[in-house]
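Only one structure is covered here, and it is reproduced in the block below.
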Amino acid sequence: MGEPLYADGVLSLDDRGVTIRRYYFPLAAAKHISYHGVRRVEVRPMNWLTGKGRLWGTGDPRYWLPLDMRRPAKQILLCFDLGRRVKPCVSPDDPDRVIELLRGRVPVVEAGGG
């Protein structure tokens, strides 16, 4: 992997892609996603029904959230569409910076957008 452009303990971005730490349950192994494998990233406001209260896993089988003990204090959820049934979702510490870095590499849409 290259030099990190962004890292917050759960999510890191470099020139080649995105790494989500503590993704797989129960092993807490990381998941690496190449930018070429991302169809789009959807930016969503996060509330108690859409992930704010979930520290790891899912309440909806279409989405998967890595272990993030700070998620209840966060407001934004990013969902990566990889063309598969399950979409990895993250709640970065600095969502504006992550969105800025992603915009030059993959399509980024606001919730409800196309």
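The values are calculated or read from the model by the stated rules, or taken from the named source; none is laboratory data. Just so it is clear, the model here is predicted, and its values are computed rather than measured. Neighbour counts run over all protein chains shown; Cβ positions are idealised from the backbone, glycine included.
Annotations
- Single unsatisfied condition, C89 versus (1) more than 11 Å from V43 (Cα to Cα); (2) at pLDDT 90 or above: (1)
Residue by residue, here is whether (1) at pLDDT 85 or above; (2) of a type outside the set (S, T, Y); (3) under 13 Å from the mean Cα position of the chain (by Cα); (4) surrounded by 16 or more Cβ atoms within 10 Å (Cβ to Cβ) holds:
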position	(1), (2), (3), (4)
G2	no, yes, no, no
L5	yes, yes, no, no
D14	yes, yes, no, yes
V18	yes, yes, yes, yes
Y23	yes, no, yes, yes
L27	no, yes, no, no
H32	yes, yes, yes, no
R39	yes, yes, no, no
R54	no, yes, no, yes
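- Scanning region 59-94 for residues that are assigned to a loop (DSSP other than H, G, I, E, B), surrounded by 15 or more Cβ atoms within 10 Å (Cβ to Cβ) and among the β-branched types (V, I, T) yields no hits at all.
- Residue count for region 8-36, restricted to those that are in a strand (DSSP E or B), in contact (Cβ under 8 Å) with a residue 60 or more places away in the chain and farther than 16 Å from K87 by Cβ: 1.
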